[in-house]
1. Could you tell me whether region 4-213 comes out rounded, prolate or oblate from its Cα gyration tensor? Rule is a ≥ b ≥ c as square roots of the eigenvalues, rounded for a/c under 1.5, then prolate if a/b exceeds b/c, otherwise oblate.
2. Using the crude model of +1 on Lys and Arg Cβ and -1 on Asp and Glu Cβ, and no other charge, please compute the dipole size for region 225-290 relative to its Cα centre, in debye to 20.
3. Please identify every one of the trypsin sites (Lys or Arg not before Pro) in region 143-227 that sits in a loop by DSSP and has no more than 15 other beta carbons within 10 Å of its own beta carbon.
4. How large is ³J(HN,Hα), in whole Hz, for each residue of region 227-243 in order, when computed from phi with the Karplus curve 6.51 cos²θ - 1.76 cosθ + 1.60 and θ = phi - 60°, using x for Gly and Pro?
5. How high is the relative contact order of region 225-290? Use alpha-carbon pairs under 8 Å, at least six apart in sequence, and give a whole percent.
6. Quick one: which residues, 5 or more positions from L36 or on another chain, have an amide H under 5 Å from its amide H? H modelled 1.01 Å from N in the peptide plane, none for Pro or chain starts.
7. Which whole-number percent is the relative contact order of region 4-213 (Cα, under 8 Å, 6+ apart)?
8. How big is the gap, in Å, between the Cα center of region 222-282 and the Cα center of region 1-73?
Amino acid sequence: MPSLMLEVADLRKHYGSLEALQGVTFVVEEGELFGLLGPNGAGKTTLISILSGLLTPSAGRAAVAGRPIWEARAEIGLVPQDLAIYGELTARENLEFFGQLYGLRGTELRRRAEEVLEAIALTDRADQRAATFSGGMKRRLNLGAALMHRPRLLLLDEPTTGVDPQSRNRIFEEVRRLNAGGMTIVYTSHYMEEVQSLCPRVGILDGGKLIACNFTTKLLRLLPGQIRFRVPQVTEGLIQRLNDLPQVAWQRLDDGRFEVSAHDVPHTLLRLASVFAELGMEPTEIEANEPNLERVFLHLTGRELRD
């Protein structure tokens, strides 16, 4: 069975009277790709800072591979939201600088820099100054700097902010490759579709508390999906058959349009198709929308602006 890579137990952080974290508890198994979500001010940055050893908690415990954070910092790679690269250095020099901070030297250092340059698709720009790079290239270099020492746990804090689709896709590919190779990853983002696509399990922070932590598929079941359709003529037979559909709710809108809510959208679509066939009806419109992580997130955290 997988062992625990990250353990967070009753973690708390106070800034005077402000409780940035209020008893956060969760675990991440070795080799897991875990998503961490939260609105502005939820405590994500504070939590990531504690997990990377940049902040000391006010109370509680955080451990990596069974050791306190301060003992396990060499096992952790951090990709911060704000770029942590040096514009006056080349891509290669940046990577070698960060590699040296973790004790890499000589041939091993140069070989590792070449491996990372290839992984982040910057080999052809290796000897150009980072200040001349596009936003996407800087983000990829930011990721590369955190990979030089081959961390067992990688913390990604908004790694695709402000990047073009090509660079974002390359970062996704590298994240998946690293995870497939056994690296444990905690991925934070405001882009819900990224987390839904990448992370099998997700935690949601709000107001310093972990308000949800579960498999993404189970979180998506918190809300129903919707099927909207229009028929040329509304009959009593259709109304009766809609009433007979199990585990769905429906409402009649206008002009022959209906909305059906169901947790199992594909299965409900098949049932509706059977109803239409039996009644000899052919809908003029049909649209299905399954629940997504953004809808679940807003459902759990509310729609108020967080500045």
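Read-outs: derived from the displayed coordinates by stated rules, not from any lab. None of the values given here were measured: they were computed from a predicted structure. Backbone-built Cβ (ideal geometry, glycine too); neighbour counts: all protein chains shown.
1. prolate
2. Dipole about the Cα centre, nearest 20: 60 debye.
3. Working: sites: R152, R168, R170, R176, R177, R201, K209, K218, R221; in loops: R152, R221.
Sparse-neighbourhood loop trypsin sites (Lys or Arg not before Pro): R221.
4. Taking θ as phi minus 60°, the curve returns 10, 10, 8, 10, 10, x, 8, 8, 10, 4, x, 5, 4, 5, 5, 5, 5 Hz for region 227-243.
5. Values: 92 pairs, mean separation 34.9, N = 66.
Across region 225-290, relative contact order equals 53 percent.
6. Y187, T188, S189, G203
7. This gives 31 percent for region 4-213.
8. What the calculation gives is 46 Å, centre to centre.
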